[in-house]
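Below: one structure, written as structure tokens.
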Amino acid sequence: MDQTEHKTNLVLPAVLNRSRAEDLTDLWDTVQDDGITEIDGGSVTTLDSSGLALLLDGLRRAKFNGLPVTILNPTPPLMAARRAFNLYDLMMFPNSVEDVILEAELGMRLGEVLIEFGYLTKDTLENAVKLAEERPDTYLGQVLVEEGHISEEQLARALAMQHGLPYVDPLAEGVLDVSLDCEVPFAELRVHGILPYLRLGETVAVSLKDPADVYAADVVRKYTGLSVITTVATPQAINSGLDQIQRAVAASGSGETAIDEESVGAEERFNEIVINAIIEGASDIHIEPSPDYYMLRYRVDGRLHEVTRFNPQIGHSLVARIKVVAGCDISEKRLPQDGRIHYKDRIRDVDLRVNTLPTVNGEKAVMRILDRTTTALALDKLGLTSQSSAWLNEAVHLPHGMVLVTGPTGSGKTTTLYSVLDEIVNPETNVSTVENPVERAVKGVNQTQINEKAGLKFDVCLRALLRQDPDVIMIGEIRDHETAEIAIEAALTGHLVLATLHTNDAPGAASRLIQMGMEPFLVAATLRCVVAQRLVRRLCDSCKKPVAYPQEVVDQYEQFGLSGNEYFSAAGCPSCRQTGYDGRRGIFEVMKVTDDLQDLIATNPSSADIRRLALKEGMSSLLRDGIDRTNRGVTTLEEAIRAGGKS
């Protein structure tokens, strides 16, 4: 094997951390043995403090032995680490890679720097300066962001240049070490806007929201005794990074089942519970009574885990506080109640959908968290295969008909519908929705929330909508005969109807509508496309490890597409809260209603008959789509089978 071939094949691991120590040792041994002076860094997606140390040790060793190594195709994590620690002499990139710290001329003001960058014109700056003078409680950069003249990132980059510091977004650039223990209280970090993200020897790198805050670096020095190098990031980037670190710290805590008896008020305890749930990425908060205590649990990535326990008195007062804020009747403890809380602080804005339920041990409260700041994914980012995406795109751009999204509660149906709405909304289209509740505001869409107490039910609202000259109607859920009847009537009379439905798979949607009392020929005439979906947990890139499946397992699932060269299993690390998984991804089954399927549905067939023909017509099953994610190393075979079933 010649040196050119070595150069091509010598690639840094995708994740640089302690678990890749053996891979990196082998790589540096190959560099020494074969005299290689170039390695490919194009695969690196993240690095932590240990990974950076291992990388630099190898580079130093090679340089000492007269083999200065150049890293080809450097990715953002490599460039950010080099920028942060000023490692230009050791981490060498090709000359074509620009990665320098821009410094403003001595005494340049912020406005001048923004003009230098091309972010502002002189006229805009002069107007903003006048506004800032009228607002003594704010400063120029804040006014420019609030008025929409520049983004937070542009402001942060300008501040970095003004102070001669690097701009580093640790989370976005893949250099946030969530296992970093800097011993600084989170309250201090958040007040000063500090995000510690990498440690190299006795030096810790931190990003600041305000490089002019002379006390920020001192806070870290005081608690850690380490040297501090500073970079700049946006307030949003710093808060997101702190959330990730706090989530990892919470997952590694050992006091999960201790009874919480701190002497804090119910309001403060409620705020703490909600904020921690948001930080952990929870979708639901459960406060559950038992004979001896109340248990607090969060649902994260579809799984419940215990957080802490309260004594009964604290639990009772906490549930009472939730009922008060949610607008429920605090004196009524015998009946279930529904409520809603709009929770907002400086950086978070969520709706909490509250339900209380009487049990033999007291009232249980569950809060569903709906993030108002989350934006819908673009339709092409959902993860659909090219064929499925083409079928769905074709259906949602038709002038009339019905498109259904099916699946169990919590499978992401509404998220998919919001993505569809974002795709089709334009100034020439009248789009209206009927939802319970409205989970996300969509620009350009008339959204109506059901209010059963006032008599505003799905069927009542839909009948009114049909007189509002709609082009597209989105129905939160078809759950009864009346709603189904109006949906089909609307689809027949020239409207595009989007809706969710609870069925196990895509072919079952037609059968379900017929079971609701719809005529088979009407279902066949209106149904255009059905999407069934589930969520599978995504493997953590930082700790997933290769696994070999027994041959009988490979043989069993080969017919569903199991054909990868390498499979992975969950391990667990601080980055993923020791679960082995980080977030969830959708798997999909898209059934296009072809002419042959229309003819079959009109005969009132069984769901199995529809399924057989749909597969013959090219539909890919949930299980096949899940196994495709397994082949690509996104999830495990166990997750694919759990979500896809025996479909």
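The values are calculated or read from the model by the stated rules, or taken from the named source; none is laboratory data. This structure is a prediction, so every number in the text was calculated from the model and none was measured. Reconstructed Cβ throughout: ideal geometry from the backbone, glycine too, with neighbour counts over all protein chains shown. For accessibility, only protein heavy atoms count, side chains too; no ligands or nucleic acids. Shrake-Rupley method; radii C 1.70, N 1.55, O 1.52, S 1.80 Å.
Going through (1) open to solvent by 20 Å² or more (accessible area, probe 1.4 Å); (2) in contact with a Gly (Cβ under 6 Å, 6 or more places away or on another chain) one by one, Val360 falls short only on (2). Filtering the stretch 118-143 to residues that are surrounded by 14 or more Cβ atoms within 10 Å (Cβ to Cβ) and assigned to a loop (DSSP other than H, G, I, E, B) leaves Tyr119, Leu120.
What strands (runs of 3 or more DSSP E), lying completely within the stretch 163-235, carry at least 1 residues that are farther than 28 Å from Ala104 by Cβ?
Of the strands (runs of 3 or more DSSP E) lying wholly inside the stretch 163-235, those with at least 1 residues that are farther than 28 Å from Ala104 by Cβ span 194-200.
Scanning the stretch 570-607 for residues that are assigned to a helix (DSSP H, G or I) and under 35 Å from the mean Cα position of the chain (by Cα) gives Pro574, Ser575, Cys576, Ser607.
A quick yes/no check of all residues on (1) free of Cβ contacts under 8 Å to residues at least 60 places away in the same chain; (2) within 25 Å of Ile278 (Cβ to Cβ):
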position	(1), (2)
Lys209	yes, yes
Asp218	yes, no
Arg221	yes, no
Leu226	yes, no
Ile229	no, no
Ala233	no, yes
Ala237	no, yes
Ser240	no, yes
Asp243	yes, yes
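You will find that of Asp218, Asp210, the residue that is acidic (Asp, Glu), surrounded by 17 or more Cβ atoms within 10 Å (Cβ to Cβ) and either more than 27 Å from the chain's Cα centre (by Cα) or modelled with pLDDT of 90 or more (or both) is Asp210 and no other.
Conditions (1) of a type in the set (A, V, I, L, M, F, W, C); (2) surrounded by fewer than 23 Cβ atoms within 10 Å (Cβ to Cβ), marked per residue:
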residue	(1), (2)
Arg585	no, yes
Val590	yes, no
Ala602	yes, yes
Ser620	no, yes
Asp628	no, yes
Thr635	no, no
Ile641	yes, yes
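Taking the stretch 293-346 on its own, how many of its residues are under 21 Å from Ile279 (Cα atoms) and among the small types (Gly, Ala, Ser)? Result for the stretch 293-346: 1. Please work out if Arg20 is at pLDDT below 90 and touching a Leu at 6+ places or on another chain (Cβ under 8 Å). When the stated conditions are applied, Arg20 passes them. Scanning the stretch 161-200 for residues that are open to solvent by 50 Å² or more (accessible area, probe 1.4 Å), touching a residue at least 40 places away in the same chain (Cβ under 8 Å) and not aliphatic (A, V, I, L, M) yields a count of 6.
Of all positions in the stretch 146-163, none carries a residue that is over 14 Å from Val232 (Cα atoms) and of a type in the set (Lys, Arg).
Within the stretch 120-143, residues that are among the basic types (Lys, Arg) have Cβ atoms under 8 Å from residues that are surrounded by 12 or more Cβ atoms within 10 Å (Cβ to Cβ) in these pairs: Lys122/Ile115; Arg135/Val143, counting only partners at least 6 apart in sequence or on another chain.
Inspect all residues belonging to the stretch 541-554 and state whether any of them is outside any strand (DSSP E or B), open to solvent by 80 Å² or more (accessible area, probe 1.4 Å) and touching a helix residue (DSSP H, G or I) at 6+ places or on another chain (Cβ under 9 Å).
no
The sole residue among Ala62, Ala14 that is among the hydrophobic types (A, V, I, L, M, F, W, C), in contact (Cβ under 8 Å) with a residue 12 or more places away in the chain and in contact with an Asp or Glu (Cβ under 8 Å, 6 or more places away or on another chain) is Ala14.
If Ala158 satisfies every condition in (1) out of contact with any strand residue (DSSP E or B) (no Cβ under 7 Å at 6 or more places or on another chain); (2) open to solvent by 70 Å² or more (accessible area, probe 1.4 Å) but one, which is the exception? Of (1) out of contact with any strand residue (DSSP E or B) (no Cβ under 7 Å at 6 or more places or on another chain); (2) open to solvent by 70 Å² or more (accessible area, probe 1.4 Å), only one is false for Ala158: (2). Pairing residues of the stretch 606-619 that are in contact (Cβ under 8 Å) with a residue 40 or more places away in the chain and over 12 Å from Ala509 (Cβ atoms) with residues that are part of a helix (DSSP H, G or I) and open to solvent by less than 60 Å² (accessible area, probe 1.4 Å), at Cβ distances under 8 Å and at least 6 apart in sequence or on separate chains, gives Ser606/Ser511. With the condition kept exactly as written, say whether any residue in the stretch 494-505 is free of Cβ contacts under 8 Å to residues at least 60 places away in the same chain and not charged (D, E, K, R). No, that holds for no residue. Here Met92 fulfils each of the conditions (1) touching a helix residue (DSSP H, G or I) at 6+ places or on another chain (Cβ under 7 Å); (2) at pLDDT 85 or above; (3) more than 15 Å from Val168 (Cα to Cα) apart from (1). Within the stretch 331-348, being closer than 14 Å to Ala320 by Cα, assigned to a loop (DSSP other than H, G, I, E, B) and acidic (Asp, Glu) holds for one residue alone: Glu332.
How many residues does the stretch 81-117 hold that are within 28 Å of Val15 (Cβ to Cβ) and not in a helix (DSSP H, G or I)?
16
Consider His400 carefully, then state whether it is touching a residue at least 60 places away in the same chain (Cβ under 8 Å) and more than 30 Å from Arg585 (Cβ to Cβ). Yes. Looking only at residues of the stretch 236-257 that are in a helix (DSSP H, G or I) and closer than 16 Å to His305 by Cβ, we find that the one that is modelled with the highest pLDDT is Gln246. Anything in the stretch 73-93 that is open to solvent by 50 Å² or more (accessible area, probe 1.4 Å) and not charged (D, E, K, R)? List them, or say none. Within the stretch 73-93, Asn73, Pro76, Asn86, Tyr88, Met92 qualify.
Here Ala104 meets each of (1) closer than 27 Å to Met161 by Cβ; (2) within 29 Å of the chain's Cα centre (by Cα); (3) open to solvent by less than 40 Å² (accessible area, probe 1.4 Å) with one exception, condition (2). Elements of the type helices (runs of 4 or more DSSP H) sitting completely within the stretch 480-537 and holding at least 1 residues that are within 22 Å of Ala640 (Cα to Cα) and within 32 Å of the chain's Cα centre (by Cα): these cover 508-515. Residues in the stretch 17-54 that are of a type in the set (A, V, I, L, M) and either open to solvent by 20 Å² or more (accessible area, probe 1.4 Å) or under 17 Å from Val69 (Cα atoms) (or both): Ala21, Leu24, Leu27, Val31, Ile36, Ile39, Val44, Leu52, Ala53, Leu54. Scan the stretch 439-487 for residues that are more than 18 Å from Gln515 (Cβ to Cβ) and polar (S, T, N, Q) and jot them down. Hits for the stretch 439-487 are Asn446, Gln447, Thr448, Gln449, Asn451, Gln468.
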